């Protein structure tokens with residue numbers, strides 16, 4: 001057994017090693033392209049890579065297990081975000097590194113909290129009420145940024161409350177519908193969802209509203225398994241959306257450039273066309289970090305960061321980022337099979353679905369396959385709220401368990417082979 | 001619980017949609033990547049819509065016509081050459097849409113799907129392009145036109161290489177006149193008349209009518225025609241440029257006798273004339289390799305004999321595009337195979353050792369081509385005089401395109417039948433009067449340049 005464990009650990013450290021090599025290359029490119037060596041950046045990158053290794057080391061020591069695929073993916077994605085921030089400036093990189101640290105802490109705290117189902121259950125009312133209060137405060141205090149009002153100033157930081165509500169939304173949904181599937185419970189959850197989505201609509205943050213709606217549908221399906229109900233909800237929502245467009249034409253106007261971005265390339269199609277122009281300029285391997293021109297476009301390091309990655313690090317890196325999310329989702333589905341309670345199943349699948357859905361809204365939105373809604377790229381976009389939320393959602397997936405029960409190769413595998421069952 | 005786990009598989013559907021989106025996006029990048037990356041909003045290549053970083057454009061002798069230095073576009077040293085090649089090279093803003101800068105911008109930027117524009121970014125220049133254009137000859141052609149606007153095109157009929165392509169009016173890109181867009185003397189300055197212009201051809205259209213006559217009237221060479229200065233068609237009159245008396249087919253061509261050709265046109269009828277013209281490329285969207293040509297138009301009237309007569313001698317609703325007509329001359333000179341005049345000599349790694357493949361734009365029956373060559377040769381020997389084209393062994397046809405309210409265009413189309421000078425030429429000098437004047441003299445000057453410099 002000891003031998004098998006050793007082999008597992010080697011595999012995981014290989015993954016982390018490759019990720020670290022990638023990050024060292026990125027860091028070297030950023031640091032060496034500047035006139036003088038910026039020692040702050042050196043410290044930030046070294047610290048970040050050290051954090052990854054320390055995390056894994058302590059993880060192995062404390063848990064005795066060796067499943068760190070999820071964290072490895074999250075570190076890979078966050079590292080790319082950190083690199084993009086570093087090309088803007090050391091202070092941006094520092095902020096992002098701190099945010100990643102906060103994200104990791106959130107992740108660990110969340111893991112501890114939801115490990116105990118009772119605690120998770122007890123948290124649902126505070127989470128729901130807190131979310132509604134947060135969104136209400138947001139509505140009152142919000143400042144208009146880029147047409148949406150979902151930013152709030154707390155001290156010297158800009159906070160996007162809806163990001164934190166995402167984490168709570170999954171918790172409330174998964175807990176409410178786990179065991180106590182009474183009509184009253186269901187009604188309360190639907191009301192809670194309606195308030196959240198409604199508030200986001202008033203803030204004109206249609207992208208986030210859509211993410212919440214998608215997650216709501218997903219949780220409802222997981223719980224009920226009733227396709228007809230889902231179709232009904234979607235139909236009602238669609239009619240509602242059409243009513244809104246009818247009475248508030250400005251909503252539709254915001255998406256007028258959709259599929260016509262080249263006709264509006266200097267107005268509402270500006271960001272999308274620049275993403276297409278510069279992404280294709282980068283080719284497979286990119287023009288080099290800091291060499292791009294998309295970075296001069298508004299929201300380059302947040303909403304458009306996927307375009308910056310494609311231009312400067314190549315479409316290959318862009319595809320790797322996208323594939324990482326597909327991996328997270330597959331991980332979540334398989335992890336659900338070994339979960340201890342349906343709470344973990346729902347939470348894990350809802351969180352993974354939410355992440356992938358947001359990714360799709362982001363990268364397909366900025367490339368005009370979908371309407372541009374201005375959502376961030378989880379883990380990668382610059383900004384603390386988004387990072388903390390992404391790591392928080394990851395905790396639900398991790399809590400469901402490990403998906404790939406690697407059999408001890410020397411004993412189990414050979415036994416399975418003898419039975420003729422192969423590795424299935 | 002188990003049901004819930006099974007339902008989790010619904011996320012595979014989301015992953016499938018996601019993968020479909022990624023595949024669609026990748027396909028779009030492969031198909032449209034080049035046009036996206038070469039968009040004028042790309043600040044790696046353009047600055048405020050003006051080309052800054054791109055490959056060098058050379059003329060056929062390796063002379064630099066445009067290059068990028070320190071993020072700026074620099075043009076040929078000589079102002080005269082800059083003006084002469086302006087339209088073929090193109091301006092940096094791409095207003096001259098058929099210019100090399102605009103038409104071949106994805107080649108100049110060196111974009112490819114694999115590397116994007118990495119090479120451009122690294123070196124400040126993309127891929128270079130070598131044109132077939134001889135800038136010295138272009139300058140000679142530009143100067144030979146004198147004060148007149150118009151166009152001069154010269155092509156090697158054996159290879160299809162477009163050696164001269166000049167369009168006037170022009171301007172100096174290093175010294176753009178303030179009144180470029182307001183002064184009427186610059187009307188049409190952004191149009192490359194060689195490929196984007198169409199003109200009333202006048203008598204050079206008799207070449208097309210002659211093709212039709214040779215192929216449809218078996219005894220055309222034994223016919224005679226009576227010219228009394230004008231020809232009564234039955235519903236009107238076609239006026240001739242002189243009174244030629246009794247002429248044969250060849251004499252009619254030599255004298256450019258409108259009466260004879262109007263009679264031939266009416267005998268052939270609108271349908272046959274149109275069929276011949278269309279077989280030579282009229283009324284069709286043509287491309288000289290990548291360069292789009294404005295359609296030459298030939299729509300002879302089926303109802304009015306007079307209009308039909310005028311159309312057959314290059315008036316009425318007949319219009320030709322200079323490069324297209326050059327390809328027709330290529331066909332006559334080259335035994336029936338008229339190569340598309342090709343502006344590009346080398347572009348990209350493949351053409352560097354393979355060369356550009358010639359492409360046939362106009363096809364003609366080889367016998368017809370031989371007979372026409374003989375007719376055009378007799379024009380020079382029997383009418384214009386060898387002294388007009390010394391040492392060129394010239395074949396050709398002049399044209400005087402009559403306009404409603406302006407002096408006639410002076411037009412010439414021809415070629416040298418010397419083996420060591422396989423060149424076709426088309427000249428249009430706007431409002432310059434008789435074809436045997438400015439246009440024929442310009443054609444001679446340009447071909448003399450090649451004779452002297454070979």
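Along Cα→Cβ, 7 Å out, is where each label goes; now give me the distance between the ones at residue B:419 and residue A:35 in nm to one decimal.
Using points 7 Å along Cα→Cβ, the separation is 6.8 nm.
May I ask you to compute the full-extension gain from residue A:235 to residue A:115, defined as 0.36 nm times their residue separation minus their alpha-carbon distance, rounded to one decimal in nm? It would help to have the intermediate numbers written out before the result.
Values: separation 120, 0.36 × 120 = 43.20 nm, distance 3.69 nm.
This chain segment gains 39.5 nm when fully extended.
Quick one: divide the alpha-carbon radius of gyration of the protein assembly as shown by 2.2 N^0.38 Å and tell me what you get.
Rounded to two decimals, the normalised Rg is 1.30.
Calculate, in nm to one decimal, what residue A:122 and residue A:91 gain on full extension: separation in residues at 0.36 nm each, minus their alpha carbon distance. Walk me through the numbers on the way to the answer.
Numbers: separation 31, 0.36 × 31 = 11.16 nm, distance 3.96 nm.
Extending this stretch completely gives an extra 7.2 nm.
Output the peptides B:430-437, B:137-144 sorted from most to least packed, where packing is the average of other Cβ atoms within 10 Å over each peptide's residues.
B:137-144, B:430-437
Give the peptides B:185-193, A:270-278 in descending order of average Cβ contacts within 10 Å, highest first.
The peptides rank, most packed first, as A:270-278, B:185-193.
For residue B:174 and residue B:297, compute 0.36 nm times the residue count separating them, minus their Cα-Cα distance, and round to one decimal in nm.
40.6 nm
Any idea what Rg and Dmax come out to for chain A if you just take the C-alpha atoms, in Å?
According to the Cα coordinates of chain A, Rg and Dmax are 22.2, 69 Å.
When you look at the Cβ of every residue in B:10-20, what mean number of other chain Cβ atoms sits within 10 Å? Display every interim value, and only then the final one.
Numbers: counts 9, 14, 3, 0, 9, 9, 1, 4, 11, 3, 0.
The mean count of partner-chain Cβ atoms within 10 Å per residue comes to 6.
R0 = 22 Å: FRET efficiency of residue B:122 with residue A:320, Cβ-based, nearest 0.05?
Details: r = 23 Å, r/R0 = 1.07.
My answer for the efficiency is 0.40.
Once the mean 1/r over all distinct Cα pairs of chain B is inverted, what Kirkwood radius in angstroms do you read off?
One over the average 1/r among Cα pairs gives 23.6 Å for chain B.
For region B:264-374, what mean projected area does the convex hull of the alpha carbons give, in nm²? Write down the numbers at each step before the final one.
On the way: hull surface 30.6 nm².
The number I arrive at for region B:264-374 is 7.6 nm².
As a test of the definition: which semi-axes, in Å, follow for region B:390-430 when you take the square root of five times each eigenvalue of its alpha carbon gyration tensor? Largest first, please.
Those come to 27, 8, 6 Å.
How far apart, in nanometres, would the label points at residue A:341 and residue A:43 be if each is projected 7 angstrom from Cα along the Cα-to-Cβ direction?
Those two pseudo-labels are separated by 4.4 nm.
Mind checking the mean number of beta-carbon atoms from other chains within 10 Å of the Cβ atoms in A:312-321? Present the calculation step by step, with values, prior to reporting the outcome.
Numbers: counts 0, 0, 3, 6, 0, 0, 4, 3, 0, 0.
Average per residue, whole number: 2.
Helix-only estimate, please: 222 nm mean residue ellipticity of chain A, summing -39500 (n - 2.57) across DSSP H runs of length 4 or more and dividing by its residues, to the nearest 500.
-24500 deg cm²/dmol
Can you give the mean number of other chain Cβ atoms that lie within 10 Å of the Cβ atoms in peptide B:24-35?
4
Which angle between 0 and 90 degrees, to the nearest 10, do you get for helix B:135-144 versus the longest principal axis of chain B when only C-alpha atoms count?
Roughly 40 degrees, rounded to the nearest 10.
Please report B:244, A:260 as a ranked list, fewest other C-beta atoms within 10 angstrom at the top and most at the bottom.
Starting with the residue having the fewest Cβ neighbours, the order is A:260, B:244.
Points 7 angstrom from Cα along the Cβ direction at residue A:266 and residue B:360: gap in nanometres?
Placing both labels 7 Å along Cα→Cβ, they lie 4.8 nm apart.
No value in this document is a laboratory result; all are computed from the given coordinates. What you are looking at is a predicted structure, and each value in this text was computed from that prediction instead of being measured. Heads up, the Cβs are rebuilt from the backbone with ideal geometry, glycines too, and the neighbour counts pull from every protein chain shown.
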